[in-house]
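Take a look at the structure set out below.
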Amino acid sequence: LSGLDPAQPYFQGTPIEVRLDKSDAEFVDVIHTDSAPTIPYLGFGISPAIGHLDFYPNGGKQMPGCGKNPVSQVVDLDGIWEGTRDFVACNHLRSYKYYSDSIIYPDGFLGYSCASYDVFETGGCFPCPKEGCPNMGHFADKFKGKIKNDFVKLYLNTGEAKDFPLWRYKVTVTLSGKSKVKGYVNVALYGSGGNTRQHQVIKGTLQPDNTYTSFIDAEVNIGAVTKAKFLWNNNWINPTLPKLGAATITVQSGENG
């Protein structure tokens, strides 16, 4: 049984007989996309973990792309009806959109088992353990025999719009150069499965010989890395024309470490 943002009003905190629960089937997976409290945030979805695997994409409360200007959202490509409905319940309805995308991307939507979304964001639960990470959505049941705990809470990030799956990479950059500058560093990854756009990995003081680590949620599964592109920029015109480079760039895949 797959629960697509099961309802919170009238159901949260009720006995298991009246709401979705892991005892309802051999395998119950749940996608939570709108689990902020109903009062005052109008969250429609239940927040406690209630299945064998509970996925909290983007933390489970506010989905990227749902805070858009209401006019642009209502007059969407999908038409006035879907746009209006999405505006009213955008977070809640993301659950079925993620699920339908998961059918097309069997290797997408890896959920990282973690204590909280904050810990996930800072890289505390990266990479996947040796038994792998479950895939949120249609292929979650591939993980059926590997569940050890009572409740497993899983976190991941998604895109703002279709196509929703993102693949997580840890990027570590050691800078080279003569003097420190203020600015930012972007890295793009190239691989056998595709290339990413530029992702900002450092912003602020760029100190040569220092090592900086960041997590990239890439819009493609790049496969085997063939190239990393390093670009840096300073925030204002510097008459001394400083030069910076990357001494090393290390890329680690979340999927297999």
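The values are calculated or read from the model by the stated rules, or taken from the named source; none is laboratory data. Bear in mind the structure is a predicted one, so any value in this text is a computation, not a measurement. Here Cβ is always computed from backbone atoms with ideal geometry, including for glycine, and neighbour counts include all displayed protein chains. With ligands, DNA and RNA removed, areas are computed over all heavy atoms of the protein, side chains included. Shrake-Rupley method; radii C 1.70, N 1.55, O 1.52, S 1.80 Å.
Brief remarks follow.
- Summing charges over neighbours of Lys142, with a neighbour being any other residue whose Cβ is under 12 Å away from its Cβ, gives -2 when K and R count +1 and D and E count -1.
- Taken one residue at a time, the phi angles of the stretch 213-228 give Karplus couplings (6.51, -1.76, 1.60, θ = phi - 60°) of 10, 8, 10, 10, 9, 8, 7, 9, 7, 6, x, 6, 5, 10, 7, 10 Hz. Gly and Pro are set to x.
- Spin-label zone in the stretch 211-230 - amide nitrogen under 11 Å from a point set 7 Å from the Cα of Ser192 along the C-beta vector: 223-226
- With protein chains left intact and a 1.4 Å probe, residues in the chain average 52 Å² of accessible area per residue.
- The phi torsions of the stretch 112-128, fed into the Karplus equation with coefficients 6.51, -1.76 and 1.60 and a -60° offset, translate into couplings of 9, 5, 8, 5, 7, 5, 4, 5, 4, 4, 8, x, x, 10, 10, x, 4 Hz, rounded to whole numbers, with Gly and Pro shown as x.
- Folded to 0 to 90 degrees: helix 80-104 orientation relative to the chain principal axis, Cα: 80
- The structure shown yields mean projected area of the Cα convex hull in nm², and of the options (i) 24.7; (ii) 16.3; (iii) 56.1 that calculated value carries the label (ii).
- Couplings for the stretch 245-253, taken from phi via the Karplus curve 6.51 cos²θ - 1.76 cosθ + 1.60 with θ = phi - 60°, read x, 10, 5, 9, 10, 10, 10, 10, 7 Hz in order; Gly and Pro are left as x.
- Here the chain exposes an accessible surface that is 55 percent carbon and sulfur, computed with a 1.4 Å probe and the other protein chains kept in place.
- Ordering 124-131, 232-239, 187-194 by mean Cβ neighbour count within 10 Å, with the highest value first, yields 187-194, 124-131, 232-239.
- Full-stretch length increase - Ala115, Lys229 - with 0.36 nm per residue and alpha-carbon distance subtracted: 37.7 nm
- Length released on extending from Gln207 to Glu17, taking residue separation times 0.36 nm less the Cα-Cα span: 62.5 nm
- Note on Glu255: accessible area approximately 80 square angstrom, rounded to 10, probe 1.4 Å, nucleic acids and ligands left out.
- Less than 5 angstrom separates the built amide H of Tyr155 from those of Tyr56, Tyr112, Ser113, Cys114, all sequence-distant by 5 or more or on a different chain.
- Under 5 Å, built H, 5+ apart or other chain: amide partners of Leu175: Asp209, Asn210, Tyr212, Ala247
- Cα-Cα over 26 Å, subset of Lys22/Lys142; Lys22/Lys61; Lys180/Lys229; Lys97/Lys153; Lys130/Lys153; Lys162/Lys203: Lys162/Lys203
- Efficiency of FRET between Thr240 and Thr172 - r from beta-carbon atoms, R0 35 angstrom, step 0.05: 0.80
- Amide proton proximity set for Ile202, modelled H, under 5 Å, gap of 5+: Val185
- Helix-only mean residue ellipticity at 222 nm for the chain, each DSSP H run of n ≥ 4 adding -39500 (n - 2.57), per residue, nearest 500: -4500 deg cm²/dmol
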